[in-house]
Amino acid sequence: MNKILLIDDDPTLLHLLGEFLEGDKFEVIGAESGKAGLRLAYDQQPNLILLDVMMPGMDGWEVCARLREMSDVPIIMLTAKTTEPDKLRGFRLGVDDYVIKPFSFEELTARIGAVLTRTKSNDSNKGYIVYGGITLDTERYQAYFNEKPLNLTPTEYRLLEALVRRKGKVASEHDLMQEVWGNYRSHDSGMVRRYILMLRKKIEIDHSNPKKILTVRGFGYRVAAGRIPKPEG
């Protein structure tokens, strides 16, 4: 049974939509605030999230951006905003679909089914990426270095995957920023460098003298070919 997380500050909608979706054989959990929704997303690992945009405190945009830092879970935004810039903002943050209020529950259920089907289809094409002693299990989002598992955060994993997929070719900070974070926090030029440092601390023998994740001055970063020893422990 697919688990749906509904994040909306309208308790009536939470109740009515939750009952409707449960009648369609979904397991539904609800949160009336962005912060509560983030906690449930982390604890419950839902198959899909329905996310309202206009909420007090932490709005849907910020919730979406934070979700994308820890998960690739499908997200459908629920909103009364109909302008093209608002829709583009959602898609740039990694939203999978966009439903305008008011909407029929039947239409929303059809959208949910389409997104889940598309997600499962994409998952079936996932496998392994191997380069330079690094192995990425792209179905389980697990990374290994010299056959030993790495304990990475979701953002660290996405950054490492962006580098490994290039098979030794250089990736600029701008390209990595767009690929891993999208437009969110794109103003923070130090973000990539901080996460590169965190990756090096988990991979390199001496992170101050890296041999695996290399800096190409003036251009960006690349993963070196070949294996290097991994320290014990």
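The values are calculated or read from the model by the stated rules, or taken from the named source; none is laboratory data. Because the structure is predicted, anything quoted here is derived from the model rather than measured. Positions of Cβ are backbone-derived with ideal geometry, glycine not excepted, and every protein chain shown enters the neighbour counts.
From the residues in region 8-28 that are surrounded by 18 or more Cβ atoms within 10 Å (Cβ to Cβ) and touching a helix residue (DSSP H, G or I) at 6+ places or on another chain (Cβ under 8 Å), which one is farthest from D72 (Cα to Cα)?
Residue satisfying both the conditions and the ranking: L17.
With respect to V63, is the statement that it is outside the structural domain of G168 (by TED's automatic domain parsing), within 24 Å of V180 (Cα to Cα), in contact with a Pro (Cβ under 6 Å, 6 or more places away or on another chain) and in a helix (DSSP H, G or I) true?
no
What number of residues in region 65-88 are hydrophobic (A, V, I, L, M, F, W, C), surrounded by 16 or more Cβ atoms within 10 Å (Cβ to Cβ), farther than 15 Å from L13 by Cα and out of contact with any helix residue (DSSP H, G or I) (no Cβ under 7 Å at 6 or more places or on another chain)?
1
Looking at region 7-60, which of its residues are under 20 Å from V115 (Cβ atoms) and either small (G, A, S) or not assigned by TED's automatic domain parsing to the domain that holds I112 (or both)?
G18, G23, G30, A31, G37, A41, G60, listed by residue number.
Determine whether Y157 is out of contact with any helix residue (DSSP H, G or I) (no Cβ under 9 Å at 6 or more places or on another chain), modelled with pLDDT of 90 or more and not charged (D, E, K, R). Don't jump to the end; show me each part of the working.
On the way: out of contact with any helix residue (DSSP H, G or I) (no Cβ under 9 Å at 6 or more places or on another chain): yes; modelled with pLDDT of 90 or more: yes; not charged (D, E, K, R): yes.
Yes: the conditions hold for Y157.
Just need a number here: residues in region 71-107 that are assigned to a helix (DSSP H, G or I) and either modelled with pLDDT under 85 or assigned by TED's automatic domain parsing to the domain that holds L159 (or both). Write out each step before concluding.
Going through region 71-107, the residues assigned to a helix (DSSP H, G or I) turn out to be 84-92, 105-107.
So of that shortlist, the ones also either modelled with pLDDT under 85 or assigned by TED's automatic domain parsing to the domain that holds L159 (or both) come out as 84-92.
Count: 9.
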